[in-house]
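Colleague: Okay, handing you the structure first.
The values are calculated or read from the model by the stated rules, or taken from the named source; none is laboratory data. Every value quoted in this text rests on a predicted model; they were computed, and no experiment measured them. When we count neighbours, we look across all protein chains shown, and the Cβ atoms used for this are built from the backbone with ideal geometry, even at glycine.
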6 protein chains.
Amino acid sequence: MIDAKRRTTPERGATVEMVEESAATGRVREIFDDIKWTKQIDFVPNFWKTLASHPPLLDDTWQRLKRVMAPGQLDARTKEMLAVAVSATNGCSYCINSHTAAAMKLGMTAEMYGELLEVVALFNATNTLADALQVRPDVFP
Amino acid sequence: MIDAKRRTTPERGATVEMVEESAATGRVREIFDDIKWTKQIDFVPNFWKTLASHPPLLDDTWQRLKRVMAPGQLDARTKEMLAVAVSATNGCSYCINSHTAAAMKLGMTAEMYGELLEVVALFNATNTLADALQVRPDVFP
Amino acid sequence: MIDAKRRTTPERGATVEMVEESAATGRVREIFDDIKWTKQIDFVPNFWKTLASHPPLLDDTWQRLKRVMAPGQLDARTKEMLAVAVSATNGCSYCINSHTAAAMKLGMTAEMYGELLEVVALFNATNTLADALQVRPDVFP
Amino acid sequence: MIDAKRRTTPERGATVEMVEESAATGRVREIFDDIKWTKQIDFVPNFWKTLASHPPLLDDTWQRLKRVMAPGQLDARTKEMLAVAVSATNGCSYCINSHTAAAMKLGMTAEMYGELLEVVALFNATNTLADALQVRPDVFP
Amino acid sequence: MIDAKRRTTPERGATVEMVEESAATGRVREIFDDIKWTKQIDFVPNFWKTLASHPPLLDDTWQRLKRVMAPGQLDARTKEMLAVAVSATNGCSYCINSHTAAAMKLGMTAEMYGELLEVVALFNATNTLADALQVRPDVFP
Amino acid sequence: MIDAKRRTTPERGATVEMVEESAATGRVREIFDDIKWTKQIDFVPNFWKTLASHPPLLDDTWQRLKRVMAPGQLDARTKEMLAVAVSATNGCSYCINSHTAAAMKLGMTAEMYGELLEVVALFNATNTLADALQVRPDVFP
């Protein structure tokens, strides 16, 4: 059964203990420093402190996120907006909050966000319609 | 029980009869014409021919899609890429095919598509991690 | 790796061998007969022939479905329409086809189906909006 | 990064500022009044106050919801029960709470709700089974 | 509309009233006792107290869970880990917490949990890639 | 609009061209060889030939999959069974087929598979029930 204290004690996440910055050593500390420097923030978000309970998962996830989210053919803001679209479709609260804020920090205006929401809502509706109606693939007439 | 002929007869979709262009009259014909003109294509995709079995649904869906997908603060290609991200997360085949092709037509290069896939795959992974670990909301340190 | 023949040989399902009616004996035969009698059809749908590869799963699933889908405070057609709503939201093709056909057999008209589709599409959109916007629970003003 | 104050300040939603009733003007005020009148309630639920941060999204969503949820071939209660089925399948807390309460207000009894839950749970199970087993479409024997 | 008191009054769940242990009689009490004895815990978790508002759903769900989760060809810990994988993929908080704790009680170590998370995250990513790319079924070369 | 030839021409996947083994050079060839050697198969599955259209995605995905799926505290078969549970919950056909076959190759018996299906079906049902009922977190009595 779930240990309720696990959820209510502030220094823990729900299913594992977070690694606080003051307790981070070695590779975990290096990654924590890299996260703060890369994101230009002065604290380590809970997602990363929680992943640190499994250092290989922290390392792999951070390296990939850092590489994938770097500007390329798509700019950083577009990538964050795609992250919001995925997170909203999956209903992941932490991720929605985190990436909406990140996209705003990168210049997503209220108008852009409104348009993003319209697109995301529309395709969650039409995806269901296409599935419900079992629409056959298009062939040339 | 399912009527297997319903699925295998070419002039039908899986759960309803499509309205073919030659059979379209009145409001449905107007919308079909608007779809072809707006998208600059010479046939009506099956999604719309299927929705035409319920004219109010065709009308409402097309008017909204036309409005939502028009360039605004976000350009048309970014909107189609968001549509691909949502459709891939939902696993809707018809929609994935349709919007990937539309994004390509609007200039999404192979490199952009590769980056889109990386972002979509990454956040489907991290969404699950954030949920699995029940990451607590960030508060200021 | 996947055995491609497994998918293309007609007498098999994709991941397990179906139990054909002619090969059914004992408890599986009893359930097959009960399915045909209860649904008033003259063949056993593939879903049940596939579940028969694991008789306890066939038995448990059929007994539950038979009990749950029987008319109660909700009539059988409403229950089938709820099944369509769930299956469309999950994008399960087999289930969508099967339960749409079943609902039609129980009297769901084209108009009712159109309204069902509108509701299902609407709430797949608004669910995403409520999640994306992280709408706070209502409290009395 | 996420702005934690954004989530904890009562007069805000998580990702945007809500428009309070006292601050609503013009078209937003008209829609707020229509929501209260149509639903016969004396406050505007947070979903709509949050959507009001993007007035075109508020307008489009409310007009569609009002049209779609009006009694037609399906009565209002059946439509709300379909909304519950979709929202539960998607795991959208706000929507589940809102539409369960709405269905109850429209006369869904505890017995009906229990049957609804049984159907929704059953098909979330069988959808997965049909997918897992890759059940082939039925053809006539 | 949602009744906010329903959500904030401690002796209620969000959409129905829970049946407290002290109020349980007859078949519900028998099941409550069986839950505590089977799980070797001294209280009835909220999931079961909530299901008790619909006794047939409580009875059916508990009997099936008890049968399905009993050790068979798969041991109890592996079954709980599968439950965590499903619950994380669906993003069900209560279920994630409950089954992660249960798996830990059955001996899932931090290392095993880390590996579980890696697998679950990986396949949520690759599932989306396979869908996005519409990968064709393998055939023998 | 979707290019129907894209879907029906055998040497293509649905949204990108696959890289055939005979056309693979450099890093892609190395990875293809590693896939065949690691999996002890004599052809490259379509998933990897499709990812090869974006070499960095192929490289990153394969390296991660190879590391994550290697036996650790969890054995290879348990990891494949977790992959089946995730893929079935997401309804990803290609992945379901591929990982069910892989688990069977690693010794998953029909009985184990039946138990896996029971667990996966059960928790897709109970996840929805816990969400629908908005079950409150457990606290110590």
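Colleague: Picking from B:Leu82, B:Leu74, B:Leu116, which residue would you name as being of a type in the set (A, V, I, L, M) and within 11 Å of chain F (Cβ to nearest Cβ)?
Modeller: B:Leu116
Colleague: Among D:Ala88, D:Ala101, D:Ala83, D:Ala132, which is closer than 30 Å to C:Met18 by Cα and either at pLDDT below 95 or surrounded by 18 or more Cβ atoms within 10 Å (Cβ to Cβ) (or both)?
Modeller: Within the list D:Ala88, D:Ala101, D:Ala83, D:Ala132, the selection yields D:Ala132.
Colleague: To continue, here is another question. Being in a loop (DSSP other than H, G, I, E, B) and modelled with pLDDT of 95 or more is the requirement here; does B:Gln73 meet it?
Modeller: Judged against the criteria, B:Gln73 is a match.
Colleague: Hey, can you tell me all the residues within the stretch C:85-129 that are more than 14 Å from D:Asn127 (Cβ to Cβ) and aromatic (Phe, Trp, Tyr)?
Modeller: C:Tyr113, C:Phe123
Colleague: Taking B:Val139, is it more than 7 Å from chain A (Cβ to nearest Cβ), assigned to a loop (DSSP other than H, G, I, E, B) and either within 22 Å of A:Gly91 (Cα to Cα) or out of contact with any Lys or Arg (no Cβ under 8 Å at 6 or more places or on another chain) (or both)?
Modeller: yes
Colleague: A further question follows. For the stretch B:50-60, check the following and say yes or no: at least one residue is surrounded by 14 or more Cβ atoms within 10 Å (Cβ to Cβ), charged (D, E, K, R) and modelled with pLDDT under 95.
Modeller: no
Colleague: Filter the stretch F:100-113 for residues that are more than 8 Å from chain E (Cβ to nearest Cβ) and assigned to a helix (DSSP H, G or I) and give the result.
Modeller: Residues satisfying the conditions are F:Thr100, F:Ala101, F:Ala102, F:Ala103, F:Met104, F:Lys105, F:Ala110, F:Tyr113.
Colleague: A follow-up question, please. Criterion first (of a type in the set (Val, Ile, Thr), closer than 27 Å to A:Glu111 by Cβ and at pLDDT 95 or above) does D:Val68 satisfy it?
Modeller: yes
Colleague: Among the numbered criteria (1) assigned to a helix (DSSP H, G or I); (2) within 8 Å of chain E (Cβ to nearest Cβ), which single criterion is violated by F:Gln134?
Modeller: Among (1) assigned to a helix (DSSP H, G or I); (2) within 8 Å of chain E (Cβ to nearest Cβ), the lone unmet condition for F:Gln134 is (1).
Colleague: Now a separate question. Would the stretch C:52-64 turn up any residue that is among the hydrophobic types (A, V, I, L, M, F, W, C), part of a helix (DSSP H, G or I) and within 7 Å of chain D (Cβ to nearest Cβ)?
Modeller: Looking through the stretch C:52-64, none of the residues is among the hydrophobic types (A, V, I, L, M, F, W, C), part of a helix (DSSP H, G or I) and within 7 Å of chain D (Cβ to nearest Cβ).
Colleague: So A:Ala88 fits all but one of (1) aliphatic (A, V, I, L, M); (2) more than 11 Å from the chain's Cα centre (by Cα); (3) closer than 30 Å to B:Thr78 by Cα; what number is the exception?
Modeller: (2)
Colleague: List every residue pair whose Cβ atoms lie under 9 Å apart, where the two residues are 6 or more positions apart in sequence or sit on different chains, the first residue falls within the stretch E:1-29 and is at pLDDT 95 or above, and the second residue, located anywhere, is acidic (Asp, Glu) and part of a helix (DSSP H, G or I).
Modeller: Partner pairs satisfying both residue conditions: E:Ala24/E:Glu30; E:Ala24/E:Asp33; E:Arg27/E:Asp59; E:Val28/E:Asp59; E:Arg29/E:Glu21.
Colleague: Quick test of your reading of the structure: D:Ala88 fulfils all but one of (1) facing chain C (nearest Cβ under 9 Å); (2) farther than 27 Å from F:Val119 by Cα. Name the failing condition by number.
Modeller: All conditions pass for D:Ala88, except number (2).
Colleague: In addition: Evaluate the following for E:Thr38: is it within 7 Å of another protein chain (Cβ to nearest Cβ) and among the β-branched types (Val, Ile, Thr)?
Modeller: The answer is no for E:Thr38.
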